[in-house]
Every structure is written in structure tokens, then in C-alpha cells.
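The values are calculated or read from the model by the stated rules, or taken from the named source; none is laboratory data. These numbers were taken from a predicted model, which means no experiment stands behind them. Cβ coordinates were reconstructed from backbone atoms using ideal geometry, including for glycine residues, and neighbour counts include every protein chain displayed. All accessible areas refer to the heavy atoms of the entire protein, side chains included, with ligands and DNA or RNA removed. Shrake-Rupley method; radii C 1.70, N 1.55, O 1.52, S 1.80 Å.
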2 protein chains.
Amino acid sequence: MESLERTLDFLARTPHVLRALLAGLDEGWLAADEGPGTYSALDVVGHLIHGEDTDWVPRSEHILAHGEAVPFARFDREAMRAAPVRSMEELLDSFERRRAESLARIRELALTPSVLERRGRHPELGPVTLAQLLSTWVVHDLAHLAQITRVLAKARAPEIGPWTAYFRVLGDRS
Amino acid sequence: MESLERTLDFLARTPHVLRALLAGLDEGWLAADEGPGTYSALDVVGHLIHGEDTDWVPRSEHILAHGEAVPFARFDREAMRAAPVRSMEELLDSFERRRAESLARIRELALTPSVLERRGRHPELGPVTLAQLLSTWVVHDLAHLAQITRVLAKARAPEIGPWTAYFRVLGDRS
């Protein structure tokens, strides 16, 4: 599969993965985190929605409009904490809708291989290509899926007695 | 939700999560691992099937039959490598079917709170309760979902350029 198509195919999966994993889970489990300042499953889905609103598509359009001349706006990793409290069902619906809109917009841009090599400027990391941005979107989804499953696992760890010794993920950092 | 019901509800989700995440992904991505002796996504689903066949339900029945008198058979974490090579679609179909059978069997056992406190003997860990075994099944699913998403993320890491600095999961151990 061609690389851009593979990226868009993967990104379309994430709302379905999250729904299969999270819809209807106990509220206490969904609100569990790894300690002060860390994300719960609810926080992660709110954070992913904020990424649809302010990161991936806006930065893609920013590269096309400005190249390296103007750095991206900074991404606020804590913005979801300022949003109104929503249930997981509301968050999943919102994320599914926003992700579909994002992917439709990327398809509208009809990005060619040479356009994918255009550079923008990240405010901390410096020059980055549009292709790198789109691949980062995939890795970002995957990293947050890894985080959600780790957080949910840690929340059940007190119930498994001596088996905790076998699960390295329970000791992974937040 | 009552604890056993919550456990069975979660376990029923995993085949759907895996299908949404993995069905139809590039074969190269599905075969990517974290180095010699580590699991690819294909290996993980094979390992989960082996768990349905030899671990969770057989050990539950073992506790009911033998209590602490006879330790569980050891679980072979590499058994999936000896199984015939199967496509991801075949593995997902097999896992979905075997998981449904496992959950039907657990429901047939009509486990009560007092039965859930019965003890068995793990060959390395010693005394464990049936409730701990069933919660470990959930944590095991979650740990392997965390593993699959981490492995898939690492496989795309070479495409994201300087953004690798932001993803701690890319440095997490296998």
C-alpha cells in the first residue's frame, strides 16, 4: 500500500478501536490515571479531539501556506482539562466525527509525493516535512492507545495478586 | 457493575479491538517485532489463542477440580511459534471464536463470590485465587494490546524524524 494511503487507512481505524475498547466501561475505570498530571482514558480521548481541532490538519495546511517561514503554533497538551466535562460516549462520538472530517480534508488536499516532502517549522523541533507530520499522527494515535491500555491494566493490578510480577507494562512509566 | 460481569464484559471486547486495529494492515507491519525473541502483532494474536486453549479456562476448571493440591501445568509463552503459519485474518477469526467459547464456558460454571475465592496453585507463584486468575486474564489482554500498539508505533518511528523525541513509548522495553 502506498504510504499516504496506509497512513489514512490507519487513522480511520482509531475511532473504532477506541469505541470497541472503551464504550460502556465503568466510569471509575475510565477516570483512572497514573497519578497527578497523568492522563486517564477520558483525558486521552479529549486530547485526541483537541489534536484534530488544532494539530494535524491545521499544521498540514500551515506547511502548505507558510513552508518554513512561520513556525507552527504550539500544541497545548493539557487543553482537554479546560474543556467542559463530557461522558465517554460524547467524547467517542465527537472524536469519530472530527477524525472523519480531518481525513476528508487531507484527501481534498490531494497530496502528491513532492508536496509531502515540503517542510514546515516546528516551534521546538525545527524543520519537519509534511510526510513526517502525517506519520507522527499515526504514531501519536498508537502511543495513546498504548497509554490507555497501560492505564487500564494498572487500574486492575490490585486484583491480580502475585501475577503482577509477570507484567512489565505495570511498571512502565506514565 | 459486579466484578465478574465487568471482567466478562471486558474480555468480550478484545477480539473486536484487535480486528479494528489489525485486520487488513500491511503484512510487513504485522510481522514487525522489537528484536530477536520478541513478539510481532501476529505472534501476539497467536499467543492469545494459545491462552484460550491452555490457560484461562483450563486453569479455572483446574482450580475447581483440584484446588491447591495439584499445581497448574506451565504455560508455554512461545507455543505460537510452533503453530502453522496463519494469516492475520485467520488468527483473528480463530481468536474471536475461541474467546466466545471461553466466555460461554465461564458463564456455564455460574461462579459465585465464594467459589471465586477458591485457591489454586501456580507452578511458580504459589497460591492464587480464581478471582485473581480471571482478573489476570483482563490484565493480560490489556498488556498485549499495549504491546501491539507499542510495536506498531516503533515500526513507524523511522518515518517521523525529529518527533521521535516526544514519544516515550518508543523507548519502552519489549
Over chain B, what is the mean sequence separation of C-alpha contacts under 8 Å (at least six apart), divided by residue count, expressed as relative contact order in percent?
-> 32 percent
To the nearest 10 degrees, the tilt of helix B:130-156 (Cα long axis) against the first principal axis of the alpha carbons of chain B is 10 degrees
7 Å along Cα→Cβ, label-point gaps from A:Ala165 to other copies, nm, shortest first | 4.2
Helix axis angle, A:56-66 relative to chain A longest principal axis, alpha carbon, degrees = 20 degrees
Where the convex hull is taken over the Cα atoms of the range A:1-81, what is its projected area averaged over directions, in nm²?
-> 7.2 nm²
How far apart are the B:Thr54 label points across copies, placing each 7 Å from Cα toward Cβ, in nm, shortest first?
-> 5.0
Total charge of the residues flanking B:Phe72 in space, meaning their Cβ is under 11 Å from its Cβ, with Lys and Arg +1 and Asp and Glu -1, is -1
Go through the range B:144-161 and flag every residue whose accessible area shrinks by 30 Å² or more with all protein chains in place compared to the isolated chain (probe 1.4 Å).
-> B:Ala146, B:Thr149, B:Ala153, B:Arg156, B:Glu159, B:Ile160
With every protein chain in place, the range B:33-115: carbon and sulfur % of accessible area (1.4 Å) = 55 percent
Once you list every other residue whose beta carbon is under 9 Å from the beta carbon of A:Glu34, what net charge do they have if Lys and Arg are +1 and Asp and Glu are -1?
-> +2
So what is the accessible area of the range B:40-174 per residue, in Å², with the probe set to 1.4 Å?
-> 43 Å²
Can you give the accessible area buried between chains B and A, summed over both chains, with a 1.4 Å probe, in Å² to the nearest 100?
-> 5000 Å²
Report the Stokes-Einstein translational diffusion coefficient (µm² s⁻¹, integer) for the range A:66-106, Rh taken as the Kirkwood radius over Cα pairs, at 10 °C with viscosity 1.306 mPa s.
-> 124 µm²/s
Label geometry 7 Å along the beta-carbon vector: A:Asp76 inter-copy distances in nm | 5.6
Between 0 and 90°, nearest 10: helix A:88-108 axis offset from chain A longest Cα axis | 20 degrees
Using Cα pairs under 8 angstrom and six or more residues apart, how large is the relative contact order of the range B:55-151, in percent?
-> 40 percent
Given the options A:Pro58, A:Pro71, A:Pro162, which has the most mean-square fluctuation in a GNM of chain A, springs set between C-alpha atoms less than 10 angstrom apart?
-> A:Pro162
Residue among B:Leu152, B:Leu18, B:Leu125 with the largest mean-square fluctuation in a Gaussian network model of chain B, springs linking Cα atoms under 10 Å | B:Leu125
Regarding the range A:1-144, what are the three Cα extents along the principal axes, ordered largest first, in Å?
-> 47, 32, 22
Specify whether the C-alpha gyration tensor of the range A:104-146 places it in the rounded, prolate or oblate class, a ≥ b ≥ c being the square roots of the eigenvalues: rounded for a/c under 1.5, otherwise prolate if a/b is larger than b/c and oblate if not.
-> oblate
Just by accessible area at a 1.4 angstrom probe, what is the order of A:Thr38, A:Thr112 from largest to smallest?
-> A:Thr112, A:Thr38
Which log10 I(q)/I(0) values, to two decimals, does the range A:71-174 give at q = 0.10, 0.17, 0.19 Å⁻¹ under the Debye formula with one point per Cα?
-> -0.48, -1.07, -1.17
Based on Cβ point charges of +1 for Lys and Arg and -1 for Asp and Glu, what charge dipole magnitude is obtained for the protein assembly as shown about its Cα centre, in debye rounded to the nearest 20?
-> 500 debye
